[in-house]
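Inspection log for the structure reproduced underneath, given as C-alpha cells.
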Amino acid sequence: MKVLNNFLGRFSQDIGIDLGTANTLVYVRGQGIVINEPSVVAINQKTGDVLAIGKEAQRMVGKTPAHIVAVRPLRDGVISDFEVTEQMISYFIQKVHEDGFHFLPRPRIVIGIPSSITEVERRAVEEACLRAGARAVFLIEESMAAAIGSRLPIHDATGNIIVDIGGGTSEISVISLGGIVVNKTLRIAGDELNDDIIQYARNNFNMLIGERTAENIKIHIGAASEMAEVLDAPIRGRDLVTGLPKEVIISSPQVHEAMQRSINTIIDAIKGAIEETPPELLSDIIENGIFLAGGGALLRGLDDVIARSTQIRATLSEDPLTAVVRGTGIVLEDLEVVQEVLIPSVRGYELK
Ligand SMILES: Nc1ncnc2c1ncn2[C@@H]1O[C@H](COP(=O)(O)OP(=O)(O)OP(=O)(O)O)[C@@H](O)[C@H]1O
Ligand SMILES: [Mg+2]
C-alpha cells in the first residue's frame, strides 16, 4: 500500500490552499499559484442556489437584485456559513482539476486556516476538503504558513515575529523551533479599515459609500502615517439628505484620520505580543526585525509606523498577499520534514 501511495504521490496534483476571509489562493505542486480569487459566493436567497463563486460573484456585489446576495462565508476570520464555505472550497479544488488529467490520483491538501477558528470549524474545513476529493488533508495555522512563505528560518532556535494583516483578522505570532510561542489574533484588519472609511464618509460628508469604494480609497490613497505624501481622490456615493448621487474629494490625511483608531489597535497588539515574548527570543527579534505579510501590510507607510512605535525594524515580506499560499506550497514539497508545524488531524494521515 505504501509503495502504491508513493507511486501515486509522484503524479497527484497536491495542492496548497490559503483559505482567507478576503481571498482564496490555490497552489499546485510543480505549477505554483493557479487560483487567486475573492472568497465570495453569490446566492439566490429564494432558492438557496449558489449562482457564482470567486471573481464572478465579486462582480455581483452590490449590483444584484435584492434576492441575490453575495456572501463572504469567512467574514471576520470565522466560518459564518459552513455549507457555503464547503461549496467554495469544492469549487476551487474542482477548478484546479478541470485543467488536469482525470486519471490523476486524488490530491493531498495543505490548507492554511486562521488560528482563531474553533475545533468544530477546523473539522468542517477538513471534511470539506475530503468531500471535494482530497485523499489527505493537513491543516496549518496561517501565520505559520506566512512565516514559511516569507522564508523565515522557523525551525531554528531563534525568535521571529510575523504580522499577517488580512481582510478579517490580524495575526501576530512569535515563532521559534517550529512552534508558535506567542500568538495574538484580532478581528481588526483590512475590512475594518474599509468600515472606518464608510463611517467617516457618513459622519463627515453625510454620504453613504459602498464597501468597494471604501476599499479602493484605502488602497489608492490611504496611509497609516501622517508623514506619508498627501494624495486625494474623488469618492462617489449617495447623499444621505437628498438621496441623490454625490461626489466629494477625500484627502489622505482624512483617510488616515478615519483609520487611525483601528491602526493603533493593531500596533498595540504588536506591542502586546512583543511584551509577552520571552527575553531570549526578544533579542533575536530586535536583531531580525518584524516581518509583515497579508494584503493589509501593503497599506502605505504601515511598515514605518510599526517600526517607529516598536523601535524595531519592520520589513514587508516579498509579495505579502501570497505569503500564506506560498508557505503551504513549501510545506507540500516537504511534508515529512515539516510535519511538526502542522495541526494534528483527528484522522492521522500518512505523510508519504
Ligand atoms: N495596497 C493595499 N493597501 C492597503 N490594503 C490593501 C492593499 N492591497 C490589499 N489590501 C487589503 O488586504 C486585505 C486582503 O488581504 P489578504 O488577501 O491577505 O486577506 P485574507 O488572507 O483573505 O484574510 P484573512 O487573513 O484575514 O483571512 C483586504 O482588506 C484588502 O483591502
Ligand atoms: Mg490571510
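Bear in mind these aren't lab numbers, they're just calculated from the coordinates by the rules spelled out. Since the model is a prediction, treat every value here as computed from it, not as a measurement. We place every Cβ from the backbone using ideal geometry, glycine too, and count neighbours over all the protein chains shown.
Need the list of aspartates and glutamates near Lys271 for cross-linking: C-alpha distance under 13 angstrom, and skip anything on the same chain fewer than eight residues off. Leaving aside aspartates and glutamates fewer than 8 places away in the same chain, those within reach of Lys271 are Glu171. In this structure, the amide hydrogen of Leu139, modeled 1.01 Å from its nitrogen in the peptide plane, lies closer than 5 angstrom to those of Ile111, Ile343, counting only residues at least 5 positions away or on a different chain. With the simple model of a label 7 Å out from the Cα in the direction of the Cβ, Arg313 to Val248 spans 4.2 nm.
Computed over region 257-352, the P(r) curve from all C-alpha pair distances, binned at 10 Å from the origin, holds 13, 33, 31, 18, 4, 0 percent per bin. Separation of region 121-156 and region 289-352, taken as the distance between their Cα centroids, equals 12 angstrom. Globularity index of region 118-181 is 1.30 (Cα radius of gyration / 2.2 N^0.38 Å, N = number of residues).
Modelled this way, with points 7 Å down the Cα-to-C-beta line, the labels at Glu98 and Ser80 are 2.7 nm from one another. Measuring max minus min along each principal axis, the C-alpha atoms of the chain give extents of 71, 57, 32 Å (largest first).
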